[in-house]
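Quick notes on the structure that follows.
The values are calculated or read from the model by the stated rules, or taken from the named source; none is laboratory data. The structure displayed is predicted, hence computed values, not measured ones. So basically every Cβ, Gly included, is an ideal-geometry build from the backbone, and we count neighbours across all protein chains shown. Only protein heavy atoms, including side chains, enter the accessible area calculation; ligands, DNA and RNA are left aside. Shrake-Rupley method; radii C 1.70, N 1.55, O 1.52, S 1.80 Å.
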Protein chains: 2
Amino acid sequence: MSDVKTVTKSVEQKFADRGIRLTRRRRQVLDVLMSADAALSAYDIAELCNAGSESHMPTMSVYRILDLLQEEQFIHRLETANKYVSCSHIACAHEHSGSQFLICDGCRRVEEIQLSPEAVGAVEMAANAVGFASISPQLEVKGLCVDCQPERI
Amino acid sequence: MSDVKTVTKSVEQKFADRGIRLTRRRRQVLDVLMSADAALSAYDIAELCNAGSESHMPTMSVYRILDLLQEEQFIHRLETANKYVSCSHIACAHEHSGSQFLICDGCRRVEEIQLSPEAVGAVEMAANAVGFASISPQLEVKGLCVDCQPERI
DNA sequence: TCAAAATTGATATACTATATCTTTTGATCG
DNA sequence: CGATCAAAAGATATAGTATATCAATTTTGA
Ligand SMILES: [Zn+2]
Ligand SMILES: [Zn+2]
Ligand SMILES: [Zn+2]
Ligand SMILES: [Zn+2]
């Protein structure tokens, strides 16, 4: 169960490649998000940065850093929850063209998935039918994860 | 373009049928939402209730009333926007089994649609593939409405 | 070294939402 | 009708999320 991730060489490399500095503050925020097993609010993150550390992480800094990490797609903001998660693909070479999130109503765990092209197509179709275009691909869907579903015999 | 709706007989009848009182405050909130051409925040609603009226609508009341109207599906809350819209089906006999919303990034207009069963099925399929079940049906998708799309020649 | 740019610190304030307690209003029944 | 009880609204406090702004510090690179 304990599968705690933090900033690795491959993540450091992504920062370097894009000419973005991985400062102490940014590393703190990203480490907290990568270690978390659920989405966190900006205030949660500030608190966790401060826990067991003499440093003081101001919430403002957290927001600033979240903005940057989001732009670079190291993390994502869950708009239905006002919370943040690290990207599932943060350590791999995967590119995304829009992400979808499953959010467990039981344990708040978040799963980042890619919908099948057919699924995306079906949503686009429905949108086009009423004149909408340029659909943004971020979908957030609530449900129950495999651990939180009532047991079936 | 001006197609302002307010509480009608058929809406009044729905309240009566369900034993819910359509008080002055509730009517004010619902009228504001039905007249609006975009989603509104609770504070927007309070302000609009107060505009050109001697009465004072407290924000607390707005929230209380929004809760009720939502439970009865007269209105919906857009979770990605923290805003509220009146239900497209408020004046008809239509039942919904989950709604989907298209939100225009240009003008903030909101279109309430029903995805095709195939589209819903495709999303459910993707969720099941990673162990999620009991998917909630509310989807909010951002895009550009027909009026806000860059003109094509 | 020194000036410019990027990052962080500090403080204030706006926006969204809930909790709780009191007062008023409205339905019901004798 | 007037007493009673429940629903609704009023009032106030507070929690939670986010942005604006300006000053101080650190990093970069000429
Ligand atoms: Zn991602
Ligand atoms: Zn769960
Ligand atoms: Zn509806
Ligand atoms: Zn539009």
Report task. Name the most mobile residue of A:Ala129, A:Ala119, A:Ala81, meaning the one with the largest mean-square fluctuation, in a Gaussian network model of chain A with Cα contacts below 10 Å. Result -> A:Ala129
Requested in this report: Would you mind getting the accessible area per residue of the protein assembly as shown, heavy atoms of the protein chains only, 1.4 Å probe, in Å²?
Outcome: 55 Å²
Query - Percent carbon-and-sulfur accessible area, chain B, ignoring ligands, DNA and RNA, probe 1.4 Å - result: 51 percent
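Take every DSSP beta bridge whose two residues both sit in the protein assembly as shown, then give the antiparallel share in percent to the nearest 5.
For the protein assembly as shown, the DSSP antiparallel bridge percentage is about 65.
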Query raised in the report: For B:His96 and B:Gln13 in one chain, what is 0.36 nm times their gap in residues minus the Cα-Cα distance, to one decimal in nm?
Result: 28.1 nm
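Under the definition of partner shielding as Cβ atoms of other protein chains within 10 Å of a residue Cβ, what is the mean value for peptide B:100-112?
2
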**Report entry** With at most 12 other Cβ atoms within 10 Å, longest stretch of chain A clear of loop trypsin sites (Lys or Arg not before Pro) (DSSP)
**Finding:** A:22-151
Report summary line: Which of B:Gly106, B:Gly52, B:Gly143 fluctuates most in a GNM of chain B (C-alpha springs under 10 Å)? That residue is B:Gly52
Report task. Report the relative contact order of chain A, percent, no decimals, based on alpha-carbon pairs under 8 angstrom and at least 6 residues apart. Result -> 19 percent
**Report entry** Spin-label pair A:Ala51/B:Arg25, simplified geometry with 7 Å Cα→Cβ offset, distance in nm
**Finding:** 4.0 nm
**Report entry** Charge dipole (debye, nearest 20) of the range A:26-71; +1 at Cβ of Lys and Arg, -1 at Cβ of Asp and Glu
**Finding:** 140 debye
**Report entry** Kirkwood Rh and Cα Rg combined as Rg over Rh, evaluated for the protein assembly as shown
**Finding:** 1.01
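With +1 assigned to the C-beta of every Lys and Arg and -1 to the C-beta of every Asp and Glu, and no other charges, what is the dipole magnitude of chain B about the Cα centre in debye, to the nearest 20?
In total the dipole reaches around 500 debye.
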Query raised in the report: Counting pairs on different chains as well as pairs 8 or more places apart, how many Lys pairs in the protein assembly as shown have Cα atoms under 17 Å apart?
Result: 4
**Report entry** Copy-to-copy label separations for B:Gln70, where each label sits 7 Å from Cα toward Cβ, in nm and ascending
**Finding:** 2.1
Report summary line: Mean per-residue count of partner chain Cβ within 10 Å for A:118-125 equals 6
Report task. Starting from the range A:66-117, pick out the GluC sites (Glu not before Pro) whose DSSP state is loop and whose Cβ has at most 11 other Cβ atoms within 10 Å. Result -> A:Glu95
Query - Value of [θ]222 nm, deg cm²/dmol, for chain B, DSSP H segments ≥ 4, -39500 (n - 2.57) each, nearest 500 - result: -11000 deg cm²/dmol
Query raised in the report: Other chains near B:144-151: what is the mean number of their Cβ atoms within 10 Å of each residue's Cβ?
Result: 4
Query raised in the report: For chain A, which cysteines have no disulfide-compatible partner, meaning no other cysteine Cβ under 4.7 Å?
Result: A:Cys49, A:Cys87, A:Cys92, A:Cys107, A:Cys148
Query raised in the report: For the range B:1-99, what class follows from the C-alpha gyration tensor (a ≥ b ≥ c being the square roots of its eigenvalues): rounded when a/c is under 1.5, otherwise prolate if a/b is larger than b/c, else oblate?
Result: rounded
Query raised in the report: For the pairing of chain A with chain B, what total accessible surface becomes buried, with a 1.4 angstrom probe, in square angstrom to the nearest 100?
Result: 2600 Å²
Report task. Compare B:Ser86, B:Ser41, B:Ser53 in a GNM of chain B, Cα atoms joined below 10 Å, and give the one with the largest fluctuation. Result -> B:Ser53
Query raised in the report: Along the charge dipole of the protein assembly as shown, Cβ charges K/R +1 and D/E -1, which of A:Ile103, B:Val32, B:Ala133 sits furthest on the positive end?
Result: B:Val32
